[in-house]
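Each reported figure results from applying straightforward, stated rules to the coordinates on display, with no laboratory input. Treat the numbers as computed from the prediction; the structure is a model and nothing was measured. Note that we place each Cβ from the backbone using ideal geometry, even for glycine, and neighbour counts take in every protein chain shown.
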Amino acid sequence: MADVEYDENDEERSSASRVGAGSGYNGDEEEEEATSSLTMSEVHTCGRVLLRTNPRNSIAIFTAPYDDHDDDHSNSDKETATSTDLYEVQWSGIVLTTDSVRKLVSQSHAFFMELQEYAGKGMDPDVCVKYSRLYRVALYECTQGLNYECENVDLEENELQDIKGQLEMYSLLNVLWHLCEILFIETLPVGCLIQQLLEWVRWHDRGDTDDVMNDVMSGVRPDTHQDYWSIVYRLTLQGRIDDVRKLLTYSSYCKENKKVFDSIDELLRKVPMIKSVIGHSRTELMGLWFVWNQECKRRRDRQDFVGCPQLNLLCGLLCGDKSCFSRPEVIDCCKMWYDMLVGRLLYTSPLILSTDYDLHVIAKDCLKLYCDHKGTAPYYFDTFILSALENKVIDVIKMVSSKLSNWWFVSHMTNLLHHRGSLVTSQLEYGSQLSEFLLIEYATALFVHPSLWEVAISYLSYCPTQGRHFMCSLVERVPLTTSTKALKLIRLCQRYEMTEEAQSICRVLARRCYGDGRMGSALTWCIKGQDATFAAFLAEKYFDFYESIGEFGDLSILDYLGDAVLLSNRLAFLSKYRDFHKQYSFGNYEAAGQLLVSLLTSGITLKKYWLTLLTDSIPLLQIPDKCVFSSADTYELLHILQEIDNTSSYSDQKDMITSQDEFSINKISLLRLALVRNLQSSLVLRERKH
Amino acid sequence: MTGVVSVKNSVDTGHEDMIHDSQMDYYGRRLATCSSDRTVKIFDVSGQQTVLLATLTGHEGPVWQLSWAHPKFGNILASCSYDRKVIIWKETSGKWSKLHEFCEHKSSVNSIQWAPHELGLVLACGSSDESFSILYTTGDGNWQYSRQEGVHTLGCNSVSWAPSVNPGSLVDGNSRAAPSTCKRLVTGGGDNSVKVWREEGDSWTMEDKLEGHTDWVRDVAWAPSIGLPVSRIASCSQDCTVIMWTKDESSGGKWTSKVLNTFPDVVWHVSWSITGDILAVSGGDHKVTLWKESNEDEWVCVSEMDRGVERVS
C-alpha cells in the first residue's frame, strides 16, 4: 500500500472527516489508519488514472497509458497493453445490504419525522427522551435482526463477515447511544445518574453475567466453581446486590462463619443509591451514603473479614477503596472497562453528576488501568465512550463521523441533541448547522439507494438552510421508470413548492411519450406540468399529422380536457377543431358549420391551417337542400379565402409552381365556386323567409 | 468522511483502444464511453448486468470527451474529437443517429459540456485552436454558434459551466422568489491560466483571469451550487497541483485561491459530485482521491484509492 499522501500529524484538520476502514466497526484496528483499503486488480501499471463522477455517488475510473514524454516511468517490465475496462467505485455513507438495516432506516425515519413535528411546537425534554428511547429500540431490533441474519446457512463467507461486522458496529452504537441519552438527553434528579449508568451496564451486558451466574449456581458446590468469586465481584460492580447476597449464601466460609456472613450481608442490604432516591435531597443522600460508607470501613478495619481474603476484597470494594478496584481479579471480572468504572463510581462517588470533573478523571483512570492490565491499546469505541463521559458531546459526534463509515448515528443523535439544546456551548455557534450538515450527509447517502429517494428528500425537507437546494438538485435525478413513480415525484415537488422541478419532470415525460409516438400521453404530461410551450408544439405536430394523413389519430384525450385546453392557444384550437369533426360526424351540420366559422374568424387558427379548415367546409357546402352557412358566414369564408389567395407563398414564386401548389390552386377555385353557390342559396333562402 | 468505498461495477467496454471519458446520464442509468478507437459506446447500467446498447461511429480521430444533455430535451449526447469535430447524437425510438455536426474548429476539440438546462440546449466546446465556441439550437433543427477566439494560447483544454443560478441571489437563504440566472463558464488552457467568462449580449467577455498554476491547466470544474452564495472552481494542472478557487458572492468579492494539495505527479482530472460536496481528483501517481470540505472550511482528503495488487472481491 502506498504511503499516505497528506499530513498525518495534522489532527485538527483531519478530525472531521477521515475515512473509516471497511464496512462496519473493525475492532482489531488499533491505530488510526487513514487510508481506505480499496484495491483494484493490477490491470496495467503504466497508466494514469482518469475519472469522472457519476450521479449515483460513484466515480468511474478508467486508465490510460502515459504520453510519450513520460518515458522515464520505470515500469518497462510490465505489460503496456491498454485497458478498456472501467471500474465504477461508489462511496456510501451507510451500508444497506441487510434487511435489518433497511428496517432501521425506515423506522428511524418515522420517528425522526414525528420528532420534528414536536420540535416545531417548542421542545419538551421528555419528548426528546422518549424519542431517544424509540431510536434505541429501533437500534436494538436492528441488532437482533442482524443476529438472526447471521444464522442463515446460505450465506457466503464474505457476506457473513460483512453482516457480523455490521452487527458489531450497531451493537456498539447502541451502547454509545444509550450512554449519550443518559448523559446529554435525560433530565435526571439528583442521585439518578448512577442508577442510569448501572442500568446501562447491565442492559448491554448482553446476558453474559447471567449466563455465568447460572453456570456457577448450577453446580452442587457453587463456591468451588472457578468463576465463583469473579461473578461475585462482577455482580457487586453492577449493583446487583440481591444476587450477590444469594451467591454468598453458598460460600462454605460464610456458612461456617455465620457472624461474618451476617456482617457482610447487612452491609450489602444497606447499600444506598440502589433503590429509589426520588424525594431525597442531595444532602440527605450524601449523609446516608456517608454513614454507610463509614460503617463499611469500620468493619473492615475491625478485621471482620480477614478470614476470607475474597470477602475482604469485596468489603474493600464496598468501601470504595481505589486499590481494590485496581486488583487484577477485579479487573479480570469486567468484560468492558466501563463495567469497572460504573462499579467504582457506585462505591466512591454515587452522587456524581455528568458534568463533574471527577467523572472524567475516574473514567480516564479506569480506561488506563484496564488497558494496562490487558496489555492492549484502547479501541476506537472506547475513546467514544471516554469522550462522552468527559462531556465532550461534539467530540463524540466528530469521532464517530470520522471513524465509522456510517451517517445514521451521528445524524439522528445530533438532531436530537440539537432539539434538546445540548449542543449549545460557548464556542459552538453552529449547533443547528452541524445538525443540518449531518442530516444532509445522511440524506445524500440514502439517495443513492433506488428505493430510498423519498426518505432522502424527506430528511432534506427538514434542513432549513441548504435542504431545499439539495432537494431541488436531487429530485431531478430520480429515474422516471414508471408513471406511478413519476406522479409520486411530481406530487412531492408540489408539496414542497418545487414548481420548476415539477415542470421539468413533466417535460421529460412529455418528451419521452412524444418520442414513443404516444401523443395523448405526452399531452397529458404537458397539462400536468402546465407546459404551454410543449403543448403548443404537440398541438401543431398533431395537426401536421392530420394534414398529411387525413386522420386524427389518438385524440380522445381532448374530450376529457375541459378547461385544461386553455393552457395553450394551439391546444384550444385543436380541441375546438376536434369538436367540429365530432359535430359533423353526429350530423349536427349547423353546429359544425358554426364552429368552423368561429374557428376561422376568432383568430385562434394559425394562418397556415386556414386552407385545410376551409377545405373541411366543402362537405358542408355540398349538402343537398341544406344551407349550413348563412350569407354573412359565407362572406366571411370568402374573405378568408381571398386572403389565402393573396398571401400564399406560391404566388410569389410563379416560376416555381409545384404540383402541390397546383393542387392548392385547384382547391381554391373549387372552394370559391362552392362558396359562391352557397351564397346564392343562402340569399335565396333569406328572400323566401321574408 | 465518505463512508464505505467499494467497487460497484466493472465494465468491459470492448473498446479497442484507450478510453478517454465516461459519463453517466442524468439518472445514472446509462453510461457512455469514448475512446481512441474513434467510437462512442453506450451501455445500460441500471440493472445487475451491463448491456451494450449502441456503438456510435462518425469521428475520424480519438474521441476526447462526452456530455449528456438534460433529459427534457430527449436523449442527446455530444462528443468531441481530435478530428476537430463536435457531433451531437440523438436517440429516437431506440436508435442513435447524428443530429448535428459542428466542424468550425481548426484543430482538436478537447472538451465539451452542455450548459445547465435552464439556459436551453447550449453546448460549450474548447479547442486546441485557442478558442471556444458555444453552440445553441433555435429549436427547429437549426444550430447557431458563436466563437470566442484567443482564449488561451497553446489551446483551450477544458470548459466547464457555472450553475445557472446567480449565486449572488442566494444570499437570502431560503427565499421562494426565483433566483436570477447568469451565464458563465470557466476554461483552462495551455497558458497556465484559468479564465472565467460571462455572456454579455451576443459575445463573451472575460470576467476574471485566475493565475496560480505554473504549467498547463488540464481540467477545470465549476462546482455545482450547494445553495450558498459562494462560487467554487477546481482546477488541476501539469504542475501537479489542484487549486480551489473560491468567490464569496454575497460580498461581491474577488476570487481567492488555495492549493488543495501538491501531488507527486501530473493531475489529469477533477470532477465534482452532483451535490457539489465532494471533489474527485486523479493523477499520474496511480491514485484517486476524494476531497470534502469539512464544516470548518478546510478541505480534507477523505479517501484514497490505490491501484494495488490484489483483486477486489
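Distances between every pair of Cα atoms in segment A:275-322, grouped in 10 Å steps from 0 to the bin holding the largest one, split as 25, 42, 24, 9, 0 percent.
Here is the list for segment A:467-567: GluC sites (Glu not before Pro) lying in DSSP coil, each with at most 15 other C-beta atoms within 10 angstrom of its C-beta, are A:497, A:551. When the pairs B:85/B:106; A:403/B:258; A:364/A:392; A:270/A:364; B:247/B:287; A:297/A:335 are compared against a 19 Å limit on Cα-Cα distance, A:403/B:258; A:270/A:364; B:247/B:287; A:297/A:335 fall above it. Report the residue, chosen from B:142, B:192, B:166, that carries the largest GNM mean-square fluctuation when chain B is represented by alpha-carbon nodes joined by springs under 10 Å. Evaluated over chain B, the most mobile residue of the options is B:142. Exposure proxy shown here: for A:418, A:109, A:360, the number of other Cβ atoms within 10 Å sets the order, fewest to most, as A:360, A:109, A:418.
Judged by the mean number of other Cβ atoms found within 10 Å, the most tightly packed of the peptides A:163-174, A:324-335 leads the ranking A:163-174, A:324-335.
Of A:164/A:488; A:164/A:275; A:541/A:667; A:103/A:164, which pairs sit farther than 26 Å apart, going by alpha carbon to alpha carbon? Over 26 Å apart, Cα to Cα: A:164/A:488; A:164/A:275.
Each of residue A:688 and residue A:255 was given a label point 7 Å from its Cα along the Cα-to-Cβ line. The distance between the two points is 13.2 nm.
Ellipsoid semi-axes for the protein assembly as shown, based on the Cα gyration tensor and the rule √(5λ), read 73, 37, 24 Å when sorted largest first. Peptide B:41-53 is shielded by partner chain Cβ atoms: per residue, an average of 1 of them sit within 10 Å of its Cβ.
Of the peptides A:460-469, A:52-61, the ranking by mean beta-carbon count within 10 Å, highest at the top, reads A:52-61, A:460-469. For the protein assembly as shown, adding -39500 (n - 2.57) for each run of n ≥ 4 DSSP H residues and dividing by the number of residues yields -13500 deg cm²/dmol at 222 nm. Modelled spin labels at residue A:626 and residue B:259, positioned 7 Å past Cα toward Cβ, are 9.0 nm from each other. By other beta-carbon atoms within 10 Å, ranking A:441, A:186 with the fewest at the front produces A:186, A:441.
Computed about the Cα centre, the dipole magnitude for the protein assembly as shown is approximately 3680 debye when only Lys and Arg (+1) and Asp and Glu (-1) carry charge, each at its Cβ. Would you please classify the overall shape of segment A:169-310 from the alpha carbon gyration tensor, given that a ≥ b ≥ c denote the square roots of the eigenvalues, rounded means a/c under 1.5, and beyond that prolate means a/b larger than b/c while oblate covers the rest? Cα axes put segment A:169-310 in the oblate bin. Each Lys and Arg adds +1 at its Cβ and each Asp and Glu adds -1 at its Cβ; summed about the Cα centre, segment A:208-352 shows a dipole of about 540 debye.
For peptide B:28-37, the mean count of partner chain Cβ atoms within 10 Å of a residue's Cβ comes to 3.
Taken residue by residue and averaged, Cβ atoms of other chains lying within 10 Å of the Cβ of A:470-481 number 4. Pairs of Cα atoms nearer than 8 Å and 6+ residues apart set the relative contact order; for chain B it is 8 percent. Evaluated with a Cβ-only charge set (Lys, Arg +1; Asp, Glu -1), segment A:354-507 carries a dipole of roughly 560 debye about its Cα centre, given to the nearest 20.
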